Amino acid sequence: QVQLVESGGGLVQPGGSLRLSCAASGSIFSIYTVGWFRQAPGKQRELVASITNDGDTNYADSAKGRFTISRDNARNTTYLQMDSLKPEDTAVYYCNAEIGQVRSGNYYEYYYWGQGTQVTVSS
C-alpha cells in the first residue's frame, strides 16, 4: 500500500508563510504528477498547484506569484511553499499523487490522497 502524509499546516497571520510537505511511502515504483488541492468550508475541493515528474508546474490563478510547488524525488516528497498568505487561503490542504506500482508482476497506476493539513490565515 501507499501512504501520503501531509505536514506543515498551522495558524499564520496574513502576509505570512508556510511550507507544506507531502511524503509518500510504501510500495512505490514511480511517482508521476503530484498535486496540492484545498477545500474551504462549504466549498468544493480545488487544485492549487501541480508538478509532473519532469518538474513541469501548473498553478491556479489564485496561487500564481505567491505559491511555489517543488519536489524531491529522492525523498518521495513534494512541497508547497506558500508566501503572502491571505485569509481566503484558509482551507484544508490535500496532496494527491499518481503512483505507479507493481503488483503480482503487473504494472498499475493509482491516484492516492493524503489525509489533509489545516491552514488557517487569520490575525
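Key figures for this structure:
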{"item": "Where ARG103 falls short, out of the listed (1) at pLDDT below 95; (2) within 13 Å of the chain's Cα centre (by Cα)", "result": "(2)"}
{"item": "Cross-chain or 6+ apart pairs with Cβ under 6 Å, segment 86-105 first and among the β-branched types (Val, Ile, Thr), then in a loop (DSSP other than H, G, I, E, B) and modelled with pLDDT of 95 or more", "result": "VAL92/GLY116"}
{"item": "ARG71 vs. criteria under 20 Å from GLY8 (Cβ atoms), loosely packed, with under 13 Cβ neighbours inside 10 Å, within 16 Å of the chain's Cα centre (by Cα) and basic (Lys, Arg)", "result": "no"}
{"item": "Members of segment 27-52 that are open to solvent by 50 Å² or more (accessible area, probe 1.4 Å), within 19 Å of TYR111 (Cα to Cα) and at pLDDT below 95", "result": "SER27, PHE29"}
{"item": "Residues that are of a type in the set (Ser, Thr, Tyr) and either closer than 14 Å to GLY116 by Cβ or within 14 Å of the chain's Cα centre (by Cα) (or both), drawn from segment 19-60", "result": "SER21, TYR32, THR33, SER50, THR52, THR57, TYR59"}
{"item": "Entirely in segment 82-123, the strands (runs of 3 or more DSSP E) that have 3 or more residues that are more than 13 Å from ARG19 (Cα to Cα) and open to solvent by 60 Å² or more (accessible area, probe 1.4 Å)", "result": "106-113"}
{"item": "Where PRO14 falls short, out of the listed (1) surrounded by fewer than 17 Cβ atoms within 10 Å (Cβ to Cβ); (2) without any contact (Cβ under 8 Å) to a residue 60 or more places away in the chain; (3) not in a strand (DSSP E or B)", "result": "(2)"}
{"item": "Pairs where the first residue, in segment 39-53, is in contact (Cβ under 8 Å) with a residue 24 or more places away in the chain and the second is open to solvent by 90 Å² or more (accessible area, probe 1.4 Å), C-beta under 7 Å, 6+ apart", "result": "GLN39/ARG45"}
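The values are calculated or read from the model by the stated rules, or taken from the named source; none is laboratory data. Everything quoted here is computed from the prediction, not taken from an experiment. Methodologically, a virtual Cβ is constructed for each residue, glycine included, from the backbone with ideal geometry; neighbour enumeration extends over all protein chains shown. These accessible areas exclude ligands, DNA and RNA; they are computed on the full protein's heavy atoms, side chains included. Shrake-Rupley method; radii C 1.70, N 1.55, O 1.52, S 1.80 Å.
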